[in-house]
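Undergrad: Please read through the structure below; I'll follow up with questions.
The values are calculated or read from the model by the stated rules, or taken from the named source; none is laboratory data. Computed from a predicted structure; not experimentally measured. In this analysis, Cβ positions are derived from the backbone assuming ideal geometry, glycine residues included, and neighbour counts consider all displayed protein chains. What goes into the accessible areas is simple: the full protein's heavy atoms, side chains included, and nothing from ligands, DNA or RNA. Shrake-Rupley method; radii C 1.70, N 1.55, O 1.52, S 1.80 Å.
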Amino acid sequence: MREASTRRLRLPRGEGAGAWLCAGSVALSLLALLALLALLTVRGLGHFWPSPVELVVLEDGRQLAGERVREVPLAQGDGVERLYRTGNRDLDGDRWAWVRVSAIDAVSHPADLVVLERRRWGQAIGRLAAFEAASGERIEGEAAWTALESRLDELGALRDARDRLREEVILPLAARRGGEGSAESELTAAHGRLRELQAAMAGGRLILAAADGDSLSVPLEQVLGARRPNAMSTLDRLAAWGEGVWRFLSEGPRAANTAGGVWPAIFGTVLMVMLMSILVTPFGVLAAIYLNEVAHQGRLTRLVRIAVRNLAGVPSIVYGVFGLGVFVYGIGGRLDSWFFESALPSPTFGTGGLLWASLTLALLTLPVVIVATEEGLARIPDQQREGALALGATRLEMLTRVVLPMAAPAMLTGVILAVARAAGEVAPLMLVGVAKLAPQVPVDGDFPFLHLERKFMHLGYHIFDAAFHGGDVQAAMPLVYATALLLVLVILVLNLTAIFLRHHLSTRHGALTRR
Amino acid sequence: MPLVKDQRSSPDSAAIIDFPPEASSLAIRGLSLAYGDKQALNDLTLRVPRHRVTAFIGPSGCGKSTLLRVLNRLHDLNDEVVREGEVLLEGEDIHSPEVAVAELRRRVGMVFQSPNPFPMSIHDNVAFGLRLQGGLSKRKRDDIIEWALRSAALWDEVKDRLRASAWSLSGGQQQRLVIARTLAVGPEVLLLDEPASALDPISTLKIEELIRNLKSHLTLVLVTHNMQQAARVSDYTAFLQHGELVEYAPTDTLFTNPRLARTENYITGRMA
């Protein structure tokens, strides 16, 4: 049997156009896939690379500083227009500048140009004119940069200390308050320490001189990071790139989803898909067992089977509508009126949330699991079943000891297909629970730890939102690419996990070669 | 649906050997069976002698495999089957409500045409039936497994790799493993449905030798297409045609001196 699978008959190469046609199709499909992945990777990951900042002097004497983004031929006449990301939106009203290349007098890369990442208003680009410490001491010149860098490092350490204090001391204490005097006093002490940390972090600002002569005063608590891209070595850039990628993965979004990270969306996507798998697998497998092993194989069963297969083709938005009507308004509304009356009229389960989204997607992927499992069950030769029965097994023993273990790889195939489908669905989620911004992930330290009623963020929806609903599409585009790449990777990881599991199951008894 | 009994072709009793009840293991009385409206067995009556090898031969579709499956009640799985008549195992009707079908199948083991080991280790395959029964210590179970594998003449080949997948064995070894698996639950009767038809000649010889050895403590019923095989291993041979028992005699007699022309035509290859 092993030989049979390796020595398959093949279409002879070099005889007629058939083989070439097939090979060409394979090549074309592969090229399309590779192009897709390459585009996502280059555009998405390139965004985090600290590109050099150019100081541009125009013919009319104006100056601007910014990162070169791209060039576009002029609509009328010859010449090329170049787009710069200049930042400083609070000064100029725009963070982009189009410049005609022919109008450029000189381009230089001064090492002292600073790029600031700010909480509000996005990037700021300019020269560091001065740094004012909290004490009011003013430092100018090159020393200002050193002072700024060390102060930013300090602030980072203080921020970490504050977050640790909050998470490890204050929250647990607050949770077991109620009665205990010692906890109360500890809590007061912790709050005192927190205030000290806050005080140590407050104050300080920097003055930035923009290329066009304006100056900008930025309080230090607004500054997320500062760097001098032109002065960076390749190693520095690599480190900055790694930090950028890490922050993209680990932080929440900022500036209406056009900046910052996507951590809540990653978490939401994975959690939703996992919940969906947990919900869909038992139902799908049991339904498939009934259809294939229990039901009388008559016309009705065939009809049910055809209906299930057709359900797999129903557009996902239809499931979204169903989920909204039945789960959210129907069941959710009923749950609210029974158990959460005190919170009404603000809904608890009567609005979209993690549970309803997972249920809707479970429904959506149910046919996939049923069909895959059924195909696996149908492939098991009747002789295996008869062999078990002939040894005195009951039908249930036959099912659980022989049939189901043999069908397990097929079930996992079904789950893999379901995961692949569910992780990429966006349309139904928009109706049943996805949110533009839900920085709180649905799992935390508060009972019951997993908050099924909460809205959640989703990578797919995040792409849609950042690309079409952010204020600044230019700024969001690289993040859209990066998020898309991430979505592909998340689905890949989820699938690989399931494939690994399937492989493990089917090689345990050398079954792989048989099917 | 009532079964139609075709009186014209009722068996010639002179051509059918009978055994005293105390020497027979299985007794089939007036057995008829139909799949839907297709008649498969028509009023069969015969006894199967204890601790002997009895072969059923006949052209394809003559009902010999169906007969074998009735003895193990595997036809229970098919809703369309209509059955009449009775089958007695040691005097007890196997279809009576008091008989638990799982228990019956432990007493009447069955080996199928192509080897069907489960996707487990060699050890677990043989342990499968024992584990279903439960109540055995691991040591006792391992003893039975070794005994079963020895009885199936497989022990020497697999004793060093009992944990290996059963599917890594060759076809002939797999079939002997299936026999060992069946022997492990301690059957009285072993039904073999063309057990060597998917095997090479050497494996076939091993299976045949095994069959001859097993009859010292088992009643064996063999269905085969291969008349040489029936002649080599069986003590008695029954010739079936169109769902009817045509001739049933000691193997030597049936092959060298058949009583009926139909039998002679079949075994000499002159099928009408």
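Undergrad: Counting only residues that are of a type in the set (Gly, Ala, Ser) and under 23 Å from A:Gln198 (Cα atoms), which one in segment A:110-143 is most open to solvent (accessible area, probe 1.4 Å)?
TA: It comes out as A:Ser135.
Undergrad: May I ask you to list pairs of residues, at least six apart or on different chains, whose Cβ atoms are under 8 Å apart, with the first in segment A:371-382 being over 9 Å from A:Ala407 (Cα atoms) and among the β-branched types (Val, Ile, Thr) and the second being in a helix (DSSP H, G or I) and open to solvent by 10 Å² or more (accessible area, probe 1.4 Å)?
TA: Between residues of segment A:371-382 that are over 9 Å from A:Ala407 (Cα atoms) and among the β-branched types (Val, Ile, Thr) and residues that are in a helix (DSSP H, G or I) and open to solvent by 10 Å² or more (accessible area, probe 1.4 Å), the close pairs are A:Val371/A:Val308; A:Val371/A:Arg309.
Undergrad: Restricting the search to segment B:229-270, which residues are small (Gly, Ala, Ser), closer than 13 Å to B:Ala15 by Cα and surrounded by fewer than 18 Cβ atoms within 10 Å (Cβ to Cβ)?
TA: Result: B:Ala261, single match.
Undergrad: Exactly one of (1) open to solvent by 10 Å² or more (accessible area, probe 1.4 Å); (2) touching a residue at least 40 places away in the same chain (Cβ under 8 Å); (3) not polar (S, T, N, Q) is unmet by B:Ala166. Its number?
TA: So the condition that B:Ala166 fails would be (1).
Undergrad: Condition check: in a strand (DSSP E or B), among the charged types (D, E, K, R) and open to solvent by 30 Å² or more (accessible area, probe 1.4 Å). Does A:Asp105 satisfy that?
TA: yes
Undergrad: Also, quick follow-up: Can you tell me how many residues in segment B:66-85 are open to solvent by 40 Å² or more (accessible area, probe 1.4 Å) and either aliphatic (A, V, I, L, M) or within 14 Å of chain A (Cβ to nearest Cβ) (or both)?
TA: 7
Undergrad: Moving on. So, in segment A:49-71, exactly how many residues are crowded, with 18+ Cβ neighbours inside 10 Å and not aliphatic (A, V, I, L, M)?
TA: Of the residues in segment A:49-71, 4 are crowded, with 18+ Cβ neighbours inside 10 Å and not aliphatic (A, V, I, L, M).
Undergrad: Sticking with this structure for a sec: Since B:Asn116 meets every condition but one in (1) over 21 Å from B:Pro201 (Cα atoms); (2) at the interface with chain A (Cβ under 8 Å from one of its Cβ atoms); (3) at pLDDT 85 or above, which condition does it not meet?
TA: All conditions are met except number (1).
Undergrad: Got a number for residues in segment B:143-161 being open to solvent by 20 Å² or more (accessible area, probe 1.4 Å) and away from chain A (no Cβ under 13 Å)?
TA: Selection size over segment B:143-161: 12.
Undergrad: Please count how many residues of segment A:250-280 are modelled with pLDDT of 75 or more, crowded, with 24+ Cβ neighbours inside 10 Å and closer than 26 Å to A:Gly87 by Cβ.
TA: The qualifying residues number 2.
Undergrad: Another question, then. Here is a list: A:Phe349, A:Phe322, A:Phe327. Which entry is surrounded by 21 or more Cβ atoms within 10 Å (Cβ to Cβ), of a type in the set (Phe, Trp, Tyr) and either within 14 Å of chain B (Cβ to nearest Cβ) or assigned to a helix (DSSP H, G or I) (or both)?
TA: Result: A:Phe327 is the single residue among A:Phe349, A:Phe322, A:Phe327 that is surrounded by 21 or more Cβ atoms within 10 Å (Cβ to Cβ), of a type in the set (Phe, Trp, Tyr) and either within 14 Å of chain B (Cβ to nearest Cβ) or assigned to a helix (DSSP H, G or I) (or both).
Undergrad: Then there's this: For segment A:352-391, what are the residues that are outside any helix (DSSP H, G or I) and either within 14 Å of chain B (Cβ to nearest Cβ) or surrounded by fewer than 24 Cβ atoms within 10 Å (Cβ to Cβ) (or both)?
TA: Hits for segment A:352-391 are A:Ile380, A:Pro381, A:Leu391.
Undergrad: Could I ask something else about it? Does A:Arg454 qualify as being modelled with pLDDT of 70 or more and assigned to a helix (DSSP H, G or I)?
TA: For A:Arg454, the condition - modelled with pLDDT of 70 or more and assigned to a helix (DSSP H, G or I) - is not met.
Undergrad: From the list A:Leu366, A:Leu324, which one is farther than 17 Å from A:Val434 by Cβ and touching a residue at least 40 places away in the same chain (Cβ under 8 Å)?
TA: Going through A:Leu366, A:Leu324 in turn, the sole match is A:Leu366.
Undergrad: For segment B:141-230, list the helices (runs of 4 or more DSSP H) that sit wholly inside it and hold at least 2 residues that are of a type in the set (Asp, Glu); which are they?
TA: Here the list reads B:155-158, B:201-214.
Undergrad: Sticking with this one: For residues in segment A:281-298 being more than 14 Å from every other protein chain (Cβ to nearest Cβ) and either surrounded by fewer than 18 Cβ atoms within 10 Å (Cβ to Cβ) or among the β-branched types (Val, Ile, Thr) (or both), which is farthest from A:Leu494 (Cα to Cα)?
TA: This residue is A:Tyr290.
Undergrad: Enumerate the pairs (first residue in segment A:152-174 and under 21 Å from A:Glu186 (Cα atoms); second residue anywhere and among the charged types (D, E, K, R)) with beta-carbon separation below 6 Å, excluding pairs fewer than 6 apart on the same chain, so at least 6 apart or on different chains.
TA: A:Leu173/A:Glu186
Undergrad: Also, quick follow-up: Residue under question is B:Arg105, and the condition is that it be within 14 Å of A:Leu391 (Cβ to Cβ) and buried (at least 23 other Cβ atoms within 10 Å of the Cβ); does it hold?
TA: Taking the combined requirement at face value, the residue satisfies it.
Undergrad: When you go through B:Glu188, B:Glu208, B:Glu194 one by one, which is the residue that is open to solvent by less than 40 Å² (accessible area, probe 1.4 Å), away from chain A (no Cβ under 12 Å) and within 25 Å of A:Asp382 (Cα to Cα)?
TA: B:Glu194
Undergrad: Now, a different point. Of the conditions (1) touching a residue at least 60 places away in the same chain (Cβ under 8 Å); (2) within 11 Å of chain A (Cβ to nearest Cβ), B:Gln175 fails just one. Which one is it?
TA: Looking at each condition in turn, B:Gln175 falls short on (2).
Undergrad: Kindly provide the set of residues from segment B:117-136 that are open to solvent by 10 Å² or more (accessible area, probe 1.4 Å), hydrophobic (A, V, I, L, M, F, W, C) and outside any helix (DSSP H, G or I), ordered by number.
TA: Answer for segment B:117-136, where residues must be open to solvent by 10 Å² or more (accessible area, probe 1.4 Å), hydrophobic (A, V, I, L, M, F, W, C) and outside any helix (DSSP H, G or I): B:Met120, B:Leu136.
Undergrad: Is it the case that some residue within segment B:49-65 is surrounded by fewer than 23 Cβ atoms within 10 Å (Cβ to Cβ), of a type in the set (Ser, Thr, Tyr) and assigned to a helix (DSSP H, G or I)?
TA: Within segment B:49-65, one or more residues are surrounded by fewer than 23 Cβ atoms within 10 Å (Cβ to Cβ), of a type in the set (Ser, Thr, Tyr) and assigned to a helix (DSSP H, G or I).
Undergrad: Would segment A:414-426 turn up any residue that is farther than 21 Å from A:Phe456 by Cβ, within 14 Å of chain B (Cβ to nearest Cβ) and surrounded by 24 or more Cβ atoms within 10 Å (Cβ to Cβ)?
TA: Looking through segment A:414-426, none of the residues is farther than 21 Å from A:Phe456 by Cβ, within 14 Å of chain B (Cβ to nearest Cβ) and surrounded by 24 or more Cβ atoms within 10 Å (Cβ to Cβ).
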